[in-house]
Amino acid sequence: MNRTLPVVRLRVPTDEDAVAWHRVFDHPDVMEFHGGRAAELSVYEELTARQRRHDAEHGFCLWTMLDEEDRVIGFTGAQPWPWEWGPKGEIEIGWRLGREHWGKGYVTAAARQTLERVRAAGVPDVVAMVNARNARSIAVTQRLGMRLAETFTTPTSKQQGHCYRLAL
């Protein structure tokens with residue numbers, strides 16, 4: 001399918017975006033592969049603060065995603081893989097989108113912007129770690145031209161996952 005992607009704008013997350021992320025992600029479908037329910041507001045407050053620091057230090061982060069009307073609809077971006085298992089030290093791209101915005105091309109458009117920004121920051125390649133049952137995110141990795149590099153089992157939840165890679 002070769003459709004025109006929507007206009008999406010990315011910005012470094014603000015303090016207010018923590019509240020917006022908390023609200024927009026408060027849906028069981030959105031959180032299906034992230035614990036089943038939205039995290040507490042304090043988790044998003046810490047996450048947005050960490051992303052501001054990361055952008056200042058590295059030139060990229062998990063950016064707030066805004067639609068054509070400048071409404072917060074989710075996030076996308078990149079950050080170093082934070083866990084001791086998996087692609088430690090590598091740059092992971094990721095995304096999360098409010099349920100009402102699914103199926104409109106926002107994530108693909110935003111992820112393409114992310115790849116451009118990360119490439120401009122000098123990152124040579126990226127990974128995307130995706131739950132093996134998350135068909136929507138797998139489809140995004142394919143639209144981005146990523147290749148399945150390995151499968152894994154998460155150490156804590158024992159879920160099957162995929163590691164996709166893309167050279168920039």
Restricting attention to the range 10-33, the residues that are open to solvent by less than 80 Å² (accessible area, probe 1.4 Å) and part of a loop (DSSP other than H, G, I, E, B) number exactly 9
Among the strands (runs of 3 or more DSSP E) lying completely within the range 59-168, list those that include at least 2 residues that are of a type outside the set (A, V, I, L, M, F, W, C) and open to solvent by 50 Å² or more (accessible area, probe 1.4 Å).
-> 147-153, 160-167
Per-region count, the range 37-58, residues assigned to a loop (DSSP other than H, G, I, E, B) and more than 16 Å from L97 (Cα to Cα) | 1
Which residue pairs have Cβ atoms under 7 Å apart, sit 6 or more places apart or on different chains, and have a first residue in the range 33-44 that is at negative phi and without any contact (Cβ under 8 Å) to a residue 40 or more places away in the chain and a second that is open to solvent by 70 Å² or more (accessible area, probe 1.4 Å) and assigned to a loop (DSSP other than H, G, I, E, B)?
-> R37/P28; A38/D26
Kindly establish whether V7 is out of contact with any Gly (no Cβ under 6 Å at 6 or more places or on another chain), crowded, with 18+ Cβ neighbours inside 10 Å, over 14 Å from T114 (Cβ atoms) and of a type in the set (V, I, T).
-> no
Given the conditions (1) surrounded by fewer than 19 Cβ atoms within 10 Å (Cβ to Cβ); (2) farther than 19 Å from R23 by Cβ; (3) of a type in the set (D, E, K, R), every one holds for D55 apart from (1)
Reported set for the range 68-83 where residues are closer than 21 Å to D29 by Cα and of a type outside the set (A, V, I, L, M) is R71, G74, F75, T76, G77
Which condition does D70 not pass, out of (1) modelled with pLDDT of 95 or more; (2) closer than 22 Å to M129 by Cα, if it passes all the others?
-> (2)
Expected output for the range 18-32 (first residue within 20 Å of V130 (Cα to Cα), partner open to solvent by 70 Å² or more (accessible area, probe 1.4 Å) and part of a helix (DSSP H, G or I), Cβ below 9 Å, 6+ apart or cross-chain) is F25/R99; H27/R99; H27/E100; P28/R99; D29/R99; V30/R99
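The values are calculated or read from the model by the stated rules, or taken from the named source; none is laboratory data. Keep in mind that what you see is a predicted model, and the values were worked out from it rather than measured. Here the Cβ is made from the backbone with ideal geometry for all residues, glycine too, and neighbour counts use every protein chain on show. Note: accessible area is taken over every heavy atom of the protein model, side chains too, but ligands, DNA and RNA are not part of it. Shrake-Rupley method; radii C 1.70, N 1.55, O 1.52, S 1.80 Å.
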